[in-house]
Amino acid sequence: MIDLRRIRSFGAKVAAAVTITTGLAVLLVSVILVGSDYVQSRREAIAIARSETRIIGINSEAPLSFDDAQMGAETLAALKAVPNVASANLYRRDGNLFVGYNNPELRAPAHELASAGVRDEGNWIYVTEEIHGPTEQVGYVQVAFDMSGLRRRALATAVVALVVAGATTLIAYFAAGRIRRFLTKPVAELASTAQRVSKTRDYSLRAAKYSEDELGQLTDVFNQMLIQIERQSGEIESRQKQFRIAVEAAPNAMVMVDEHGVILLVNTQTERLFGYSREELIGQSVEILVPEQFRSRHPDFRETFFSEPKARPMGAGRDLFGRHKDGHLIPVEIGLSPINTDEGVRVLSSIVDITERKRTEEDTARLAAIVQYSNDAIISKSMDGIITSFNPAAERMYGYKAKEVIGKPVAILIPPDRPDELPMIMEKLRHEQPIVNYETVRRRKDGTLIEVSVTISPTRSADGRLIGASAVARDITERRRVEQERQHLLEAERVARGEAERASRLKDEFVATLSHELRTPVSAILGWAQMLRSGNVPPTSEESAKGLEVIERNARLQTRMIEDLLDMSRIISGKIRLDVQSVNLADVIQAALATVRPAAAAKGIRLEAVLDSHAGLMRGDPSRLQQIIWNLLSNAIKFTGRDGRVQVGLERVNSHIEVVVSDTGEGFKPEFAPYLFERFRQADSSSTRRHSGLGLGLAIVKQLVELHGGTVTAHSPGEGKGSSFIVSLPLMVIHPREDRTERLHPRVSVPAADGLQQPSLAGLKALVIDDERDARELVGRLLEQQKVRVASASSADEGLELFNSFHPDVVISDIGMPDVDGYELIRRLRALEVGRSHSTPALALTAFARSEDRTRALLAGYQMHLAKPVEPSELIATIASLAGKTMPS
Amino acid sequence: MSSTPLNPIGILCVDDSTDIVEMLRMAIGREPDMTCVGCLAEAGAVVDQLENLQPDVVLIDLTMPDADPLEVIREIRTKHPKVRPVVYSGYDDADTIGKAMDAGACGFVSKHQDLKSTLDTIRKVARDESPSLCR
């Protein structure tokens, strides 16, 4: 049988079907016809056989009934005419064979006598009939008929039928070929189109339509399907393309693997991150991207993922690393996402290189540790000046705990007297200017101030926005102290060195000047001496006299210079001794004026003197005082041009005597004022200086004035505007005892104290208050000589204290004192005495000598007023009077 | 007495010390080949007087109260190149001599030299073109 399923060609199938169907139909018809013909023929043959057998029977009744075998044989012999009778037997009623006949051409198998009827034995049938006489059965007849002829005929018919069927099939086959071509063309077209579409995946192909029948409809449906597939395929392709683009465009490395870990897709970032090319990765096991030590476990992880595929980060809580082609490990973070595809579940890994983040995290951690353990205070603040962090060093430095200040304005650390500092800092930060080593002051919690050096830098958010600032502050109080100390030392050293250098330079200049100045008179002396000695100058001539005068004058000049030098030397070594005595300064000034007058006259300089003759009584060395005045006057004349003016004034100012020497000369620059009184110092010390001299004059003046307890100052409005020198000398507090010679002088108006009986002050307690030490000591010494117990105070306050503890019998006080003057003192003293039985007598001893001063003192509370300088005897008498001590009898 | 040469060296003495000026005038007056054409106590007057006094040599001190003698020397050299300034100073250190020469002085005599040396230097300067020095 042909298996149609094995036939691949639809056309062959159609042809086969047509052919087989036709053949089978013809065959079936033939079989039916042949069969029915055979059955029919056999049935007819059997009927004929029975008829013939019955006829034999009828014919044989007689023989049997007569037992005439011959006749029986003859009856049977008639059967010779029937070709298909193989044998015929006549049996008696008891069944015994009576007579038989056998066709010599046919030999039928022997068969026992059967009951009447037909026995079909295939090729042979045995027909048995009963033979009846007129009254009874006489025997049996059995005839065997050869039926093989029927079979042969049936076979022949079948062969013919088969031949007809074969011919018909053949005809059908050829006819099918024609039909096939007609039927299969659309199908073949469909098949070929489908094949081409399948092969080329070109869904734009269409099958040609050949008819409007079912195949035509099929072609339409097929083409519709292609259209749909084409559309869907486009969509799928577009979706896949988008997916690829998305993966490619991802900022991270993207790797898609299947459940076996085979890499299906990677993007450029993956190539970049791992160093492999796309071609090297696709189709490879993803484990090549896994560090060796994790490779063995990776498939298990993958299996776990695929067993329950859902999006999640990989290796949560563990540090993950990828392996670069060159073997180095890359810290990564991996996100896993399952993707359902037609081929099954895939996993898409998104791999982020966190090298930079790790580094940042490490940096951050390191930074945090630095901040934590830094010895510098580190404070962060927001742009509105709110503290956002405060490290332990800041806690130590500022005394605040972090939790106390975080959230508070940073201004709490800034002293209130610096209101502009924070706005200035914030302004700078806003302009992105860092503040480096800004030295300032900060306030601790306890209010104490510390000096700090602050460096403030702006801080930015990840997107670069200015979000605040971090300030690193170092306590530089100690450093500042050390610096200041060092600065002071350096300064002192610098000053000392400068001083030494200046001294050395001045010394050099002085030696040059000295050399010049000492030799200048020598030049004149030598020159004139040579001339006089040459004999060309008559000894009695005017020239000779002039020469001798020049020699003498220059010798004196030189002598004075040498004396100046020696004076300076004595002053420096402290060996100068003042011959102190009572001096009227007006006389001294007059004497000095007389000395310089010729020099002034020589330059046409006008000399003026305004002297208060009562002002000038003091104690001092008259010759040294004259030296002072003479030096100042000489100096003024020396530096005053022709027709200028030099003025000297003397007056009493409070408890001092002031001598003012002023001129209209060159003056000096204000900056030279501090050096005027330095020895060897001249504004111009060069060899071409305009003025000669050793530069010792003013230095000697200063030393001598100071030895007298006074001061000297110089003033000038500027160069070319003249100058004035003011000598301030202390007034004598007590008139000195005149020595014997002077006491005999008629001018002495005050009788000598020891010429009178003096009152005894012994045992008296006196409180002496004067801000001037010399005055205080002088009065004290005088009183102590009178056996008075003396307590001294240098100020009113001290005096009031002593008054309470010392309980003096008498108070002697100055009026002009700093802070609290003598008027206020006596008022307070009197206030202390309120309620006491008596008030302590008090004496005002003051340079305020006018009558109104006296009145004011008495009104303030003093009993007596004496003007300085006072005669010792007068003072003693006054005190005695105040204390109620009477004269000794 | 020897007769006065036809062209004695005319010398102008400038020093604020009258003693020195007087001495110089007297000493010069005794030299037959020299004559003191004038004495000035102020340096500022020197240039103005040159036309009038016609000196060959100006003997000038360096310590003058009214004007800087070095400036005066410069002015003499500029305005009267034939007049030969000689510095006569008590300072005779190298620095001072250098300054004087730089200013244009034709000679330098220390005040510490005796009169004869001083006068000889003046002679040399007056006759010779090259600067002379007498310390």
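Just the residues that are part of a helix (DSSP H, G or I) and surrounded by 14 or more Cβ atoms within 10 Å (Cβ to Cβ), please, taken from the stretch A:413-439. Scanning the stretch A:413-439 gives A:Leu413, A:Glu421, A:Leu422, A:Ile425, A:Met426, A:Lys428, A:Leu429.
A:Glu74 fulfils the conditions (1) touching a Pro at 6+ places or on another chain (Cβ under 9 Å); (2) buried (at least 16 other Cβ atoms within 10 Å of the Cβ); (3) in a helix (DSSP H, G or I) except for a single criterion, (2). For the stretch A:10-34, taking the residues that are of a type outside the set (Val, Ile, Thr) and loosely packed, with under 14 Cβ neighbours inside 10 Å, the one that is nearest to A:Ala175 (Cα to Cα) is identified as A:Leu24. Of the residues making up the stretch B:16-36, not a single one is buried (at least 20 other Cβ atoms within 10 Å of the Cβ) and farther than 22 Å from A:Glu543 by Cα. When A:Val610, A:Val588 are screened for being more than 14 Å from chain B (Cβ to nearest Cβ), within 24 Å of A:Gly644 (Cα to Cα) and in a helix (DSSP H, G or I), only A:Val588 passes. Checking each residue in the stretch A:359-405 for being open to solvent by 80 Å² or more (accessible area, probe 1.4 Å), of a type in the set (A, V, I, L, M) and within 22 Å of A:Thr448 (Cα to Cα) picks out no residue at all.
In summary, A:Gly317 fulfils each of the numbered conditions (1) free of Cβ contacts under 8 Å to residues at least 40 places away in the same chain; (2) open to solvent by less than 60 Å² (accessible area, probe 1.4 Å) with the single exception of condition (2).
A:Leu506 passes every criterion in (1) within 13 Å of chain B (Cβ to nearest Cβ); (2) open to solvent by less than 60 Å² (accessible area, probe 1.4 Å) apart from (1). Comparison of A:Pro109, A:Pro134 shows that the only residue that is assigned to a loop (DSSP other than H, G, I, E, B), of a type outside the set (Gly, Ala, Ser), modelled with pLDDT under 85 and farther than 21 Å from A:Ala62 by Cβ is A:Pro109.
Among the residues examined, B:Arg123 qualifies as in contact (Cβ under 8 Å) with a residue 60 or more places away in the chain and either more than 14 Å from chain A (Cβ to nearest Cβ) or touching a Gly at 6+ places or on another chain (Cβ under 9 Å) (or both). Please find, within the stretch B:44-68, the residue that is surrounded by the most Cβ atoms within 10 Å (Cβ to Cβ) out of those that are within 14 Å of B:Val86 (Cα to Cα) and more than 9 Å from every other protein chain (Cβ to nearest Cβ). Ranking the qualifying residues of the stretch B:44-68, first place goes to B:Val58.
Within the stretch B:26-48, being in contact with a strand residue (DSSP E or B) (Cβ under 7 Å, 6 or more places away or on another chain) and at pLDDT 90 or above holds for B:Ile28, B:Asp33, B:Met34, B:Thr35, B:Cys36, B:Val37, B:Gly38, B:Cys39, B:Leu40, B:Val46. Annotation: A:Thr540 fulfils all but one of (1) assigned to a helix (DSSP H, G or I); (2) within 30 Å of B:Thr118 (Cα to Cα); the unmet one is (1). It is to be established whether one or more residues within the stretch A:599-607 are in a helix (DSSP H, G or I), buried (at least 20 other Cβ atoms within 10 Å of the Cβ) and in contact with a Leu (Cβ under 9 Å, 6 or more places away or on another chain). Yes: one or more hits. Of the numbered criteria (1) open to solvent by 20 Å² or more (accessible area, probe 1.4 Å); (2) of a type outside the set (Val, Ile, Thr); (3) out of contact with any Ser or Thr (no Cβ under 6 Å at 6 or more places or on another chain); (4) modelled with pLDDT of 90 or more, the one A:Gly322 fails is (1). Within the set A:Ala545, A:Ala512, A:Ala524, the sole residue that is at the interface with another protein chain (Cβ under 8 Å from one of its Cβ atoms), among the aliphatic types (A, V, I, L, M), in a helix (DSSP H, G or I) and surrounded by fewer than 19 Cβ atoms within 10 Å (Cβ to Cβ) turns out to be A:Ala512.
Take the residues in the stretch A:273-294 that are over 39 Å from the mean Cα position of the chain (by Cα) and crowded, with 18+ Cβ neighbours inside 10 Å, then tell me which one is nearest to A:Val257 (Cα to Cα). Once the filter is applied, the top-ranked residue is A:Val286.
The residue pairs whose first member lies in the stretch A:553-572 and is away from every other protein chain (no Cβ under 14 Å), whose second member is small (Gly, Ala, Ser) and surrounded by 14 or more Cβ atoms within 10 Å (Cβ to Cβ), and whose beta carbons are closer than 7 Å, counting only pairs six or more residues apart or on different chains, are A:Met568/A:Ala699.
Return the residues of the stretch A:144-193 that are of a type in the set (A, V, I, L, M), under 30 Å from A:Ala49 (Cα atoms) and surrounded by 15 or more Cβ atoms within 10 Å (Cβ to Cβ); say none if nothing qualifies. Within the stretch A:144-193, A:Ala144, A:Met147, A:Leu150, A:Ala154, A:Ala158, A:Ala161 qualify.
Results for (1) of a type in the set (D, E, K, R); (2) within 14 Å of chain B (Cβ to nearest Cβ); (3) free of Cβ contacts under 8 Å to residues at least 24 places away in the same chain; (4) buried (at least 20 other Cβ atoms within 10 Å of the Cβ), shown as yes or no for each residue.
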position	(1), (2), (3), (4)
A:Ile629	no, no, no, yes
A:Ile637	no, yes, no, yes
A:Gly649	no, no, no, no
A:Glu666	yes, yes, no, yes
A:Pro674	no, no, yes, no
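The single condition from (1) more than 10 Å from chain B (Cβ to nearest Cβ); (2) surrounded by fewer than 17 Cβ atoms within 10 Å (Cβ to Cβ); (3) under 21 Å from B:Asp114 (Cα atoms) that A:Gln530 fails is (1). A:Glu501 satisfies every condition listed in (1) at pLDDT 80 or above; (2) open to solvent by less than 80 Å² (accessible area, probe 1.4 Å); (3) away from chain B (no Cβ under 11 Å) except (2). Whenever a residue of the stretch A:275-292 is hydroxyl-bearing (Ser, Thr, Tyr), its partners that are crowded, with 16+ Cβ neighbours inside 10 Å and part of a loop (DSSP other than H, G, I, E, B), lying with C-beta atoms within less than 9 angstrom and at least six residues away or across chains, give the pairs A:Tyr276/A:Gln284; A:Ser285/A:Gly261.
The values are calculated or read from the model by the stated rules, or taken from the named source; none is laboratory data. Computed from a predicted model, the values in this text were never measured in an experiment. Cβ atoms come from the backbone with ideal geometry, glycine included; neighbour counts cover every protein chain shown. Side chains are part of the model used for accessible areas, which takes the heavy atoms of the whole protein and leaves out ligands, DNA and RNA. Shrake-Rupley method; radii C 1.70, N 1.55, O 1.52, S 1.80 Å.
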